[in-house]
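Comments concern the structure below.
The values are calculated or read from the model by the stated rules, or taken from the named source; none is laboratory data. The structure presented is a predicted model; accordingly, all values stated were derived computationally and were not measured. Counting neighbours? That spans all protein chains shown, and the Cβs are built from the backbone with ideal geometry, glycine included.
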Amino acid sequence: MDNGDVIPGLGEKWSFMGATAMEWISGASMGILMQEFVFGGGSKTVPLLLAVLLATTFGLAGARKKFPDEEKGVANALMVKMGVFPPRMPAPAELQPIWSGAPLRELDSEREFRELRLDEMFELDSTLDEEQ
């Protein structure tokens, strides 16, 4: 299909009921931990175990599906909420709201750009403004 059409789900990982294996494992782990430490264990808490397992699994799957880059998007969003810069990408606007504190009107004369006289080379030509 070289006509530019996108095949939905082509690069999608294996999933069961829309959740990946890691999300199912995370849900099972959270269910076991909640049953042991919060609910007190025992067979009477199995419905709560299943509720926690399913809620965690589908909660993680839903969070993953909100982002176009899936797991990386979730990780980046969590890192931003914690105030940590995500790796290998520019700082998001939430962590760096001001990209340019004040636009420079003139460069310092000690800058290499000025010493090489590049500012004169790249000046806007006034004839361009008059033509438009």
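Candidates are the residues of segment 15-30 that are hydroxyl-bearing (S, T, Y) and assigned to a strand (DSSP E or B); the one that is surrounded by the fewest Cβ atoms within 10 Å (Cβ to Cβ) is S15. When residues in segment 105-132 are screened for being at pLDDT 70 or above and assigned to a loop (DSSP other than H, G, I, E, B), 7 of them pass.
Selection of segment 31-80 for residues being among the β-branched types (V, I, T), buried (at least 16 other Cβ atoms within 10 Å of the Cβ) and over 17 Å from G18 (Cβ atoms) yields T45, V52, V80.
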